[in-house]
Structure formats: C-alpha cells, structure tokens
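Q: First, the structure itself, so that you have it in front of you.
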Amino acid sequence: MATRTLLSDIALKRPRTRAVYFAVLAATTLAVAAVFLYPLYWMATAGLKTPAEFAAQSVTVLPHDPSASAYGDAWNHMRIPHFFLNTVYYAFGGWLVQLGVDVCAAYALSKLRPVLGKAIFAGMLATLMLPVAALLVPAYLTVTDLPVLHLNLLNSPWGLWLPAAANGFNIYVLKRFFDNIPHEILEAAAVDGASRLKTLTRIVLPLSRPVLAVISIFSIIGMWKDFLWPMLVMQDPDKQTLSVALQRLSASSQVPPTEMIAGMTIAALPMIVIFVIFQRHILGGLSAGAVKG
Amino acid sequence: MAYAFLSAGLVCFGLFSWYPLVRSITLSLQQDNLVTDPQWVGLDNYRTLFDDPLLGIAIRNTLEFTGLALVFGYAIPIAMAILLNELRHFNTFFRLAVYLPVMLPPIVSAMLWQFFYDPGQGLFNTLLHGAHLPTSQWVQSPRTAMLSLVLVSTWANMGGSTLMYLAALQSVPPELYESSEMDGASLWRRIWHITLPQLRFIMLVMLLLQITATMQVFIEPFQLTGFTNPDTITVMTLIYRYAFAVNQDFGLAAALSVLLFVVLSAFAALYLRITREQTV
C-alpha cells in the first residue's frame, strides 16, 4: 500500500481489527454489487425472460427459460439497427468535427498567439460556466435559422456536430497540453520549411496522443449519452438517436416490456464495452474533468 | 494566419454559445412562436411568467430536488470514497462498479428505474413485499415522487464524484494520520479532524457543481413523471413545456431561462472565485 489512510497497516494486523475489516469488506462488496451491478444484470436478463416470467416479477437470479427472442423482436420491431447506426454516425461524426475544430483552435491559441487570443480563450472557457439550460431555447432557435447564412439545421447531423464542437473543456485540455510542447521543436520544423498545418499534423498531433485519446473517448461517450438536444434537433423519427427513439416508443407504450428492456440493453452495451476497454483513460480523465462544470 | 486555424472554433462558439447567450435576453423581451415574426413586447413575458402559478410550483420542486439531492447525492459519495479508500481489496472492482451507471445513457437509467418503481410489479415493491415491509407508490405519489427522482439521479451520477473524492484522498499527507494515531485519536475523530478538513476544497467545488447541475434537472422528471404533473414539474421541464410541448411560446421560455441563468451565475461566480484562490 503506497499511501497511508485512516487505518494503518499495523493496526490492521490486530485480530479484532482484522475481523472487523473483513466484515466491512464483505458487506461493502455485497452492497456495491447489489446497488450498482444488479440493476444492470436485471436489465440484461429481463430481455431473456418470457413475457409471462417477466410479468410474474419474482426476483430471479437466472431466467427459468432463457431465450433471446425479446432481443430478436426488439431488433426487428423497433428498427434498432437503424437507430443504432444513426447514433454511431452522429457519435463518430461529432467526434471528428470536435477533434478537427478544437485541435485547430487550441493549436492557434497555444502556438500561433493571435491578437486577442487571450480574450478568445477566456470567452471559450467561460462557456463551461454557462448552464446548458439557459441556452437551450435560443440555441434551438439558432439551429432552426442560422444568423447571416439562414440555414436550417433541424434534422441535419450538423445541428448536433457544430454545437458539440463549441466545447470549452476540449479547448482547455488541448491548449494546456500544447502549451507544454517546447517551442524549439516547432521552430526547428519551421526552419526545415514545414508549414503551420504540417507542423500540426506531423509534430504536434503525434506528441499529443494521450490527450487526444481522452478527448476522443469523452466526446464519443457524450454524443452517445446526449438526449435532450438530439430530441429537439432530430425531429424526424427516421433520424433519431437510439436513446430518443426508445423514449418515443416507450411513451407510445405499444412495445412489450421485455422488448423495451432488450432495446435499452442494446443502447447501453456500446458504452459498457467502451468502459471496459478504456477504463484507465476514463477514470484517469476524470481528474482532468474535475475542472469541468 | 492564426485566425485561419481559429475560424471554425470561433464560428462554433459564436453561433452556439456566445450568440445564444445574447439571444436569450433579447428573446425574453419578444413574442416569438416561430410562425409569425417576433415582436418586441417589453417585459410582458416576465409578467406572464410571474403570473403563472406553475412557476412557483416549479421553483419549489426544483429547490426540493436540489435539497434532497444534497442530502443523498452529496453526502453518499463522500462517505463512499472514505470507506473505499480504507479497503485494501477489490479496488478496481469497486471503482468500476460505482462508475458503471455513469456510462449508461441517462434516458436508459430513467427508463430502467421506471420499471423498478412500478407500484404493481416493480422490483422495489416486490422486494419490500417479500421482506414484509410496507410498499410505496414511488413516483406516482406526490409524497415520494421527488425523493424517487433524486434516488435515480444519485444512482446514475454518484460514480463521478466518488472517484474524484477518492483521487483527492490519495493526496492527504500520511504524517497527519500518523501523528493523530499517536495521540490516540479515535477513527471518527480522525475522519472529522483530518480527512474532512483535507477534502474541504474539493467538497466545496463539488457542492457548487452539484447545485448547478441539480437545478437544471430534466431527464428524470421528464421521463418518470412527465412535464404536466404539477407535483414534480421543475424549472427545466417548465422551460421545455413553454417552448416545445404546450405553449410554443419561445419568449416566455427564454424569460424563464434568463431567470435560471441569473441564479446559476451567482453559483458560477462563487465557483470561479474559489477555484482561482486555490490555484493562485
């Protein structure tokens, strides 16, 4: 144990303390499993039950007669593949747009030092403090009729992607990382005749892999989890995300519960897979996220 | 040259953050239903807003949600982090399990708990019934509805704050614990006099962040109780109702947004002051 905590390792060697420690450990393990894991297990297995077994609502550990038919029905009746692909498309598109826009902006603010750069950076950071709620209605109206251009972005993925790129957290994290890349490296590249863009793609980006990984993961998770904004912007039922479509179908209550829960499991699964694969990045990135509102 | 790289960012922030901020104020002074041209109406929207009996209810409900969320959502992660920090086994398991619900799409969490809360055959009443305890109407009773929403929200969100407290606990200087142990201080006294004071800064930051977040609560009431039910209508669901669901009155919705913004700005200013003092 590297860090010392409330209880010292020596105190833990005393038999009575040890007994209490293991009792607390067992109780905590059970409680954490029951509170945080069981609901997810319930969700995943409810879709394996028959509607009759589901309706009986006994607290079962294993479904009596597991069958994947609810998953199959959800997949076909609710057009899950369609909404799933929509969400994948919006999430990856949003990721690319966020990365493109925010990396360029942070690079300019960090290394090219434009006039007014400080004020612009402060303005971007200030958006972290803006409550989403306060901007919802005017941002919606902006999307329906962009100023100057008079474009309507309703039902267009750009209505999700462009607002997502206005992400003060990304700018902050990227700029702070770029600030630590020594100027000499970039100047050497400039002497060799590399353009600003080439310096960015050949030198800055390869050095920034860790921070790009964290930002990529969080942007994809954010796009996948988002609900209210996609619900407002993607009004055409054909273009909805999986979350929004599930909510719409559950409100119409034509779908049997086992199918609905199977659909919810499918919507949650990509996030859980990402979590399992990138747990280190995600849990580590949280400390950077401590500054975020 | 720098502005070539900055341009896309400026457009995005300008169109979707800076301009809407100004627009929310002008919009609140206009009559706008997206059909006819907007008209300047002065403070009419604010008058209509303050005359609406739903406003008082929504504010009271939002404060109740924020208050209950402080009792549960604020204290539990601190206690949880202190406990987990003492455990020498299964550290990765605990961290992963506590954070797992944060990964779920929030609407999935809300829908999942809707099944649990079902008064007839939901998981919770089945469990309570099996243990011969009184069952509850959960979200369907005005007395327990708000608390039920807070429980969903706490379950879905506490992983993030728990892990941040855990990270902060790692930097508590070990000498403090060693000297207090030599003084014979009991476990509770050590928590009270060393651990909690050492967490003071992050506790304050999380307090402000949580208040700001819970005052904007939307998905839980939207999915579990709807935006028509006066027992649980919140400021955010009322904004949604004004603009998108019932009234189609964007000016009125903007007026309420401005009101919420002013209140939340006070917390944001406080947050900035505190974090700045700490880093300088």
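Nothing in this text is a laboratory measurement; each read-out follows from the coordinates by a stated rule. On a predicted model such as this, the values are computed, not experimentally measured, just so you know. With ideal geometry, Cβ positions are generated from the backbone for all residues, glycine too; neighbour counts draw on all protein chains shown.
Q: Quote the FRET efficiency, to the nearest 0.05, computed for A:Arg209 versus B:Arg189 with a Förster distance R0 of 30 Å and r equal to the Cβ-Cβ distance.
A: 0.05
Q: In addition: Please compute, over every Cα-Cα pair in the stretch B:145-280, the percentage with a separation greater than 17 angstrom.
A: Every Cα pair in the stretch B:145-280 considered, those over 17 Å come to 70 percent.
Q: Given the options A:Tyr89, A:Tyr21, A:Tyr107, state which has the largest fluctuation in a GNM of chain A using a 10 Å cut-off (strictly under) for Cα springs.
A: It is A:Tyr21.
Q: Still on this model: Sort out for me the Cα centre separation of the stretch B:219-280 from the stretch B:2-68, rounded to whole Å.
A: When both Cα centres are located, 10 Å separates them.
Q: Using alpha carbons only, what's the Rg to Rh ratio of the stretch A:1-153 with Rh from Kirkwood?
A: Result for the stretch A:1-153 is an Rg/Rh of 1.18.
Q: If you wrap a convex hull around the alpha carbons of the protein assembly as shown, what volume per residue comes out, as a whole number of Å³?
A: Convex hull of Cα atoms, per residue: 179 Å³.
Q: Give me the inter-chain shielding for B:111-117: mean count of other chain Cβ atoms within 10 Å, whole number please.
A: 5
Q: Here's something else I'd like to know. For chain B, give the magnitude of the charge dipole about the Cα centre (Cβ charges: +1 Lys/Arg, -1 Asp/Glu; no others), in debye to the nearest 20.
A: With only Lys, Arg, Asp and Glu charged at Cβ, the dipole is about 320 debye.
Q: Can you compute the FRET efficiency between A:Asp179 and B:Ala266 using 1/(1 + (r/R0)^6), with r the Cβ-Cβ distance and R0 = 30 Å? Round to the nearest 0.05.
A: Efficiency for this residue pair is about 0.45.
Q: Give me the extension gain from B:Gln140 to B:Ser179: residue separation times 0.36 nm, minus the current Cα-Cα distance, reported in nm with one decimal.
A: 8.8 nm
Q: Please express the Cα-Cα pair-distance distribution P(r) of the stretch A:9-73 as a list of whole percents, one per 10 Å bin, running from 0 to the bin with the greatest distance.
A: All Cα pairs considered, the percentages come to 19, 32, 19, 15, 12, 4.
Q: How about A:Lys175: which lysines have a C-alpha closer than 16 Å to its C-alpha, ignoring those fewer than 8 places off in the same chain?
A: Those lysines meeting the cut-off are A:Lys111, A:Lys118, A:Lys292.
Q: Quick check: net charge around B:Phe250, other residues with Cβ under 15 Å of its Cβ, Lys/Arg +1 and Asp/Glu -1?
A: Surrounding charge for B:Phe250 is -3.
Q: Quick one: compute the contact order of chain A, relative version, from alpha carbon pairs under 8 angstrom and 6+ residues apart, as a percent.
A: Contact order relative to length: 28 percent.
Q: Now, a different point. Report the label-to-label distance for A:Arg14 and B:Arg276 in nanometres (one decimal), using points 7 Å from each Cα along the Cα→Cβ vector.
A: Label at A:Arg14, label at B:Arg276, 4.9 nm between them.
Q: For the stretch A:136-225, treating each Cα as an identical point scatterer without solvent, what Debye log10 I(q)/I(0) comes out at q = 0.10, 0.21, 0.22 1/Å?
A: -0.42, -0.99, -1.03
Q: Rounded to the nearest 500, what is the protein assembly as shown's calculated 222 nm mean residue ellipticity when only DSSP H runs of at least 4 contribute -39500 (n - 2.57) each, over all residues?
A: After summing the helix terms and dividing by residue count, I get -21000 deg cm²/dmol.
Q: If I build a Gaussian network model for chain B, linking alpha-carbon pairs within less than 10 angstrom, which residue out of B:Ser136, B:Ser24, B:Ser171 has the largest mean-square fluctuation?
A: Evaluated over chain B, the most mobile residue of the options is B:Ser171.
Q: So how do A:Arg248, B:Arg143 line up by other beta-carbon neighbours within 10 Å, fewest first?
A: B:Arg143, A:Arg248
Q: To continue, here is another question. Can you give the net charge of the other residues whose Cβ lies under 12 Å from the Cβ of B:Ile107, counting K and R as +1 and D and E as -1?
A: 0
Q: In a solvent-free Debye calculation with one equal scatterer on each Cα, what is log10 I(q)/I(0) for chain A at q = 0.07, 0.09, 0.14 Å⁻¹, listed in the order of the q values?
A: Treating every Cα as an identical point scatterer, log10 I(q)/I(0) equals -0.41, -0.65, -1.13.
Q: Give the average over all directions of the projected area of the C-alpha convex hull of chain B, one decimal, in nm².
A: 21.6
Q: Compute the Rg to Rh ratio over the stretch B:20-152 from the alpha carbon atoms, using the Kirkwood formula for Rh, and round to two decimal places.
A: A ratio of 1.14.
Q: Take peptide A:4-11, look around each residue's Cβ out to 10 angstrom, count Cβ atoms belonging to other protein chains, and average those counts.
A: Shielding by partners across A:4-11 averages 6.
Q: With 10 angstrom as the radius, rank A:Phe83, B:Phe16 by how many other C-beta atoms surround their C-beta, starting from the fewest.
A: So the ranking, lowest neighbour count to highest, is B:Phe16, A:Phe83.
Q: Give me the Kirkwood hydrodynamic radius of the stretch A:205-263 in Å, from all C-alpha pairs, to one decimal place?
A: Here the Kirkwood hydrodynamic radius works out to 13.6 Å.
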